[in-house]
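Here the structure comes first, spelled out in structure tokens, and everything after it is commentary.
The values are calculated or read from the model by the stated rules, or taken from the named source; none is laboratory data. Please read these numbers as outputs of a predicted model, since none were measured by experiment. Neighbour counts run over all protein chains shown; Cβ positions are idealised from the backbone, glycine included.
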Amino acid sequence: MEIKGRLFTLFLFTTGMIIHFINGNRGLQLFEGITQNLPLLAILILAPLLSIPLRREGIIDTIVSGLSNNKNDERKTFYSMSSFMMLLAPILNMGAIRIVHDFVKDVKIEPKMLSRSYYLGFTPAVLWSPFFASVGIVIYLLEVKYMSYILVGITFSLMQAVVGLFLLRPKATTHTLLQEPGQLKPDENGLKNIFFLIVFVLGLILLLISMESLLHKPMLLLVSFICVLVPFVWVVLRNKWAVVREEYLHYKDRLLIGSRMEISLFLSAGIFGNAIANTPFINVLKSAIEWSVNESLAVLFLFILLFVTGVAMIGVHQIISIPLILLTLIESGIPFNPLPIAFMCIFSWMLSAAISPLNAMNIIISQNVKKDGFTVAFKWNGLYFLVITLMAFGYIYIIDMF
């Protein structure tokens, strides 16, 4: 995937540059393309810093080790893993999947159940967490305050989680799951650490909302600031200056090795998306959007969903397709209610990311359970995605009433 990713990134960068030069764009236009996604790239780079206090205080390790308490009950294991993922995902993004899997990979859990717990625990956060590019870019382009959107995102996420618990949970039967030597033992402080994690996540969200209300600054800027502020305050309050150098080296290695692909993708996608916005293709997209808007909310949602998912299936990231749709809609001058549009785009981002075998979420989950992306997304979790999609079509009309 790394070779394919490099080729795809090179294609985006080269094609974007060629289109810019064909259109006569030089200097400033190229600079705008390169810097278009820098605010989101800042979140991608800085968000892992939030895990430092959690790791250093042992909160993550002790909670995950407590999952072994339920190793003989598949349903309890499913509930535990899904719940823990729901707590970690809003602040750690894809890192939440890696962290949980690193601890449970030594416990023999059925791959189907494992994929379901990952999807159920992770996908709701994509709809509401400001630490995800899906939320950040949409409310940034639509100039919607996070305080205005958060209730929309969290309400549907709770509905989605409840439905998922009933659709994806295993049968109430008990199977003996073999435990490998060296597995971590339960920690007596597990419940206390769960409480601390909940307080930590809620505290970050409340801090973000308060700063937005008081400072009136862009959400992406505030999120980036919090990603740096929180670990710094932890170091000062806990007098952990001795670990700063070690964490810096660890962070640098992760950034240079683990995030190279994402950084390259975001920068090249900015150039490509900015270039495409100045081609005749945008006129076709504009006509399709105008027709959809004039038909109904459901038709517009269906168009956005099919367009974003369709191009995601051939490897075009949502960081390209979603801004194209939003910028085209904004520049068309058509009046619209931004909240339903925001939800449509964010939901389409989440769904396409979950089911496209060329997207990071699907790739990570399918690799962890050692099955192909189509089996994991459609055969094992297809009913879940179908039901929440039908729910989303009804939900947009409820949003539009307010």
Does Ser115 meet the test of being of a type in the set (Ser, Thr, Tyr) and either farther than 17 Å from Ser366 by Cα or at pLDDT below 90 (or both)?
-> no
Picking from Val135, Val107, Val162, which residue would you name as being in contact with a helix residue (DSSP H, G or I) (Cβ under 8 Å, 6 or more places away or on another chain) and either modelled with pLDDT of 90 or more or buried (at least 24 other Cβ atoms within 10 Å of the Cβ) (or both)?
-> Val135
Output yes when any residue across region 304-314 is touching a helix residue (DSSP H, G or I) at 6+ places or on another chain (Cβ under 8 Å), modelled with pLDDT under 90 and either of a type in the set (Phe, Trp, Tyr) or within 21 Å of Leu141 (Cα to Cα) (or both), and no when none is.
-> yes
Filter region 218-257 for residues that are basic (Lys, Arg) and part of a helix (DSSP H, G or I); the one that is nearest to Leu197 (Cα to Cα) is Arg238
Give me a count of the residues in region 273-306 that are of a type in the set (Phe, Trp, Tyr) and in contact (Cβ under 8 Å) with a residue 24 or more places away in the chain.
-> 1
Looking only at region 282-298, which residues are surrounded by fewer than 13 Cβ atoms within 10 Å (Cβ to Cβ) and assigned to a helix (DSSP H, G or I)?
-> Asn283, Val284, Ser287, Trp291, Asn294, Glu295
State all residues of region 309-328 that are buried (at least 24 other Cβ atoms within 10 Å of the Cβ) and either over 20 Å from Phe132 (Cβ atoms) or among the polar types (S, T, N, Q) (or both); if no residue qualifies, say none.
-> Gln318, Ser321
Identify all residues within region 373-402 that are outside any helix (DSSP H, G or I) and either touching a residue at least 40 places away in the same chain (Cβ under 8 Å) or more than 19 Å from Val293 (Cβ to Cβ) (or both); write none if there are none.
-> Trp380, Asn381, Phe402
Take region 122-150 and flag every residue that is over 10 Å from the mean Cα position of the chain (by Cα), at negative phi and not small (Gly, Ala, Ser).
-> Ile137, Val138, Ile139, Tyr140, Leu141, Leu142, Val144, Lys145, Tyr146, Met147, Tyr149, Ile150
Could you list, in sequence order, all residues of region 231-289 that are in contact with a Gly (Cβ under 6 Å, 6 or more places away or on another chain) and at pLDDT 75 or above?
-> Ile271, Phe272, Ala275
Of the conditions (1) farther than 25 Å from Leu165 by Cβ; (2) in contact (Cβ under 8 Å) with a residue 12 or more places away in the chain; (3) out of contact with any Leu (no Cβ under 6 Å at 6 or more places or on another chain), Thr328 clears all except one; give me its number.
-> (3)
What's the number of the condition Leu220 fails, among (1) of a type outside the set (D, E, K, R); (2) touching a residue at least 40 places away in the same chain (Cβ under 8 Å); (3) within 22 Å of Ile60 (Cα to Cα)?
-> (3)
